[in-house]
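The block underneath contains the structure these notes are about, expressed in structure tokens.
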Amino acid sequence: MRVHSDSEGLRLNNNLKQGGISVGRWFRGKLKKMKRPSNPQDGSSSLTDGPQSAVDEDSPVANQTFEQLLEEQCLYKASLLLIDREKELFGKITEEEVLQHHAEEIEKLSTERRALEKQIQHTLQQSLSLRLEEVADEAAVSALTMALTSAVKAIYKEEEQDLLRKPVRSRTPSNWKKLHDSILFSLVEARMDNPSVAPAGLAEQSSIQLDIQCMGRQLKEDLILVVNVLKICYPEEANICQFYAKLYHQNLSAKLKKIVDFVLDDKDCVFILRWVNEYYPGILKKPELASEIDSAALGKLLPTDLLDCLEKQYLETQQNELSTYMNRALEEEIKTWTRREQPPREDGCYTSPLAYDIIQLISGMVTAAEKVTGSQQKAQSITCELTDLLQRFKAFQEEIIKQNKFNSNAYIKAHLGCIEQFRDIFQRKGHLFPNDVQEDCLAVLTNMKQSAYTFLLSSVHANLKPQYQKLGTSDWLGNETLFEKLLSSMENELQDLEGLPQSCHQGVISEFHQQVTQEYVKRLLRREIKLRDREHQQKAFITVTDNAETLHKLFKKMGSQEDWLKEILTNIAEMLKLQHIPALQMQIVSLGHAYPDLSERHVSALLKLKTNLSKEDRHKIKATLSDTRKEAYEGVKFQPFFSKVVLK
């Protein structure tokens, strides 16, 4: 039998529409005409029973004519009836005899099969006729699913018969399965060409965006209908949900390819990328669809070469916009300082909006870019200009320090807040940046922070220098008052640090704590005092230990958490007290292990304070440090301290 086109079925569908008859009404009318049993024992059904139990398709059909079966949408029964006739006609006599003596019966069989094929074709064309709001109408759903189930069963039964017809040259296969696929292809194409789903778009959307949105909504509603209603009309092996998904995927993909062949403005470019990478995958991830459709097997809506072009256009635009805004923000900061204005204050602290504004923009733009491109790595690329911006921010800070205007101190304090904000975003949200950008920017920020600390603390150290000079002298040894005056002066000098952002205060105090401790050790190692005997060395031990404790308490009160600095001073004090060479060797090894930047020069200066040690003893003790250094300290993390204690 020949395969017929679907034009006849389409004409029937159009006639229904022209006649003002909705598909739902047409199916409900058919349903009323069907002879249905009145109770469950007779075979009556509900929607939950599934379409295959709705009508007893395999029951005898001897009491019904072909025309009755066709009228009642019992397409599977009608197909069985024709198959029985075909078997009866060709089963007892030869092919030649049938063709010679039963031409009229053959013609009638062909005519009825064509009528059945036409009805099946029409039923398939109505597969997606229900709107989602009509799914709650049990009668309409039941009519559709019973008719479609019957048609599908007839198609699969006819496929079995085609295998029997192939060996016989005069009996052409029906190929209804191929016809089925072709009809669904045309059905999907027609629905995507003329979506019935009204767009929910915004007024400013372009025609391209509205078209894509309409097609997308049609695709979503149709696939939900397939999963919730049509799936039960097909055998499981048909995988009908995946089949429909593939048809819609291919159709939408083809349409998008045509659209991107044109030069798109940035808004349309973004919209298409979001559909490909976010909205469309989001539809397929809906729970009711994800369990039935293998989205990975469908692939991307656009090929890689087209996606790359769209992404390049989008990412370049985003990068330029971000760079322009960052540059504008920095220029505004420079102008404010140039106009000799003071930075704004919040809760008594100097602030700058520079970092906050840039961080908010980066976070929003990179997050959006990841959704648009579907790639974190590609989204990160728009921040590549950030390193250059921070380099210029650093140059601006150096200029502030160099000119040292009356408002320079306030701006450095405000910029310390910016530095902390930038560091925080790199450390907490590193996924927003490429690794090289993150590393380079953190290095710039570390340099800026240290430079700011030096600027803010340099005047403090300068004012404290006269009192620093008394450390490690004979006046200092055992004189608690002298060191207490130094501590009191430090507290007073630190008043100049008022106005620091709260997040930076601890950092500056901790840095000052470390610098004061390093200054203390440096003054001690200048050897302006000679500890000639055990008594003097015991006195020095007590003095350094007491100084370490009072210094620790002061800085802890001010917010420093650098407890390890106290340990350095107490370890040095212990060195001053010890008298036996083995004990001194062990202490040196312990100190050298904790602080690998402890050099032989530092050890030598420390040992020379104990003037009762011979040169040979000092050499023996230093040799212990050298021997232990041969054991690898590589890879050991430590807080550098002695490397910053520079000895003349």
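The values are calculated or read from the model by the stated rules, or taken from the named source; none is laboratory data. Remember, predicted model here, so these are calculated numbers, not experimental data. Glycine also receives a Cβ, built like all others from the backbone with ideal geometry; neighbour counts cover every protein chain displayed. Accessible surface is based on the protein model in full, side chains and every heavy atom, while ligands, DNA and RNA are left aside. Shrake-Rupley method; radii C 1.70, N 1.55, O 1.52, S 1.80 Å.
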The stretch 141-148 - phi-based ³J(HN,Hα) in whole Hz, Karplus 6.51/-1.76/1.60, Gly and Pro as x: 5, 4, 4, 5, 5, 5, 5, 5
Before I look further, what does the chain give for accessible area per residue, probe 1.4 Å, in whole square angstrom? 50
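How much net charge surrounds Thr351 when only the other residues with a Cβ under 11 Å from the Cβ of Thr351 are counted, with Lys and Arg +1 and Asp and Glu -1? Could you put the intermediate results ahead of the total?
On the way: positive: Arg345, Lys413; negative: Glu346, Asp347.
Within the 11 Å Cβ shell, the charges total 0.
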Where the accessible area of the stretch 368-469 is counted over protein heavy atoms with a 1.4 Å probe, how much of it, in %, is carbon and sulfur? 44
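Where does the longest stretch of the chain lie that holds no chymotrypsin sites (Phe, Trp or Tyr not before Pro) found in a DSSP loop with 10 or fewer other Cβ atoms within 10 Å? Walk me through the numbers before you get to the answer.
Details: sites that count: Phe262, Phe406.
Result for the longest clean stretch: 1-261.
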Whole-Å distance, taken between Cα centres, linking the stretch 280-335 and the stretch 346-388: 16
Residue-wise, which Karplus ³J(HN,Hα) couplings in Hz belong to the stretch 350-361, taking 6.51 cos²θ - 1.76 cosθ + 1.60, θ = phi - 60°, and x for glycine or proline? 5, 9, 9, x, 3, 5, 4, 4, 5, 5, 4, 5
Quick one, which of (1) 91, 29, 21; (2) 60, 27, 23; (3) 61, 44, 24 is the actual semi-axes √(5λ) of the Cα gyration tensor in Å calculated for this model? (1)
Report the local net charge at Leu322: Lys and Arg +1, Asp and Glu -1, summed over other residues whose C-beta lies under 13 Å from its C-beta. -4
Under 1.5 on a/c is rounded, so check that first for the stretch 216-275, then, if it is not, pick prolate when a/b is larger than b/c and oblate when it is not; a ≥ b ≥ c are the square roots of the alpha carbon gyration tensor eigenvalues. prolate
Of the listed links Lys522/Lys608; Lys470/Lys608; Lys394/Lys465, those spanning more than 23 angstrom between alpha carbons are Lys394/Lys465
Could you check how much of the accessible area of the stretch 151-292 is carbon and sulfur, as a whole percent, using a 1.4 Å probe? 53
Skipping prolines and chain starts, which residues have an amide H placed within reach, meaning under 5 Å, of the one on Ile293, given they are 5 or more residues away or on another chain? none
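Might you report the magnitude of the Cβ-based charge dipole of the stretch 497-613 about its Cα centre, with Lys and Arg at +1 and Asp and Glu at -1, to the nearest 20 debye? Mind dumping the intermediate values first?
Details: 16 positive and 14 negative charges, 110 e Å.
Computed about the Cα centre, the dipole is about 520 debye.
Can you give the local net charge around Tyr411? Use residues other than it whose beta-carbon is closer than 11 angstrom to its beta-carbon, Lys and Arg +1, Asp and Glu -1. Walk me through the numbers before you get to the answer.
Working: positive: Arg340, Lys405, Lys413; negative: Glu333, Glu341, Glu399.
Result for the local shell: 0.
Quick one: ranking His619, His602, His431 by accessible area, 1.4 Å probe, largest first, what do you get?
On the way: His619 125, His602 15, His431 90 Å².
So, going from the largest accessible area down, we get His619, His431, His602.
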Report, to the nearest whole %, how much of the accessible area of the stretch 535-648 belongs to carbon and sulfur atoms, 1.4 Å probe, protein only. 53
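Filter the GluC sites (Glu not before Pro) in the stretch 477-551 to those in DSSP coil with at most 16 other Cβ atoms within 10 Å of their Cβ, and list the result.
Details: sites: Glu480, Glu484, Glu491, Glu493, Glu498, Glu511, Glu519, Glu528, Glu535, Glu549; in loops: Glu498, Glu528.
Of the GluC sites (Glu not before Pro), the ones in loops of the stretch 477-551 whose Cβ has at most 16 other Cβ atoms within 10 Å are Glu498, Glu528.
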Can you tell me how the stretch 253-370 classifies by the Cα gyration tensor, rounded, prolate or oblate, using a/c under 1.5 as the rounded cut? oblate
Output wanted: per-residue J couplings in Hz (rounded whole) for the stretch 286-302, from phi through Karplus 6.51 cos²θ - 1.76 cosθ + 1.60, θ = phi - 60°, x for Gly and Pro. 4, x, 5, 9, 4, 6, 10, 10, 8, 5, 4, 5, 6, x, 7, 5, 10
Everything considered on the Cα gyration tensor (a ≥ b ≥ c; rounded for a/c under 1.5, else prolate if a/b is larger than b/c, else oblate), the stretch 503-570 must be described as prolate
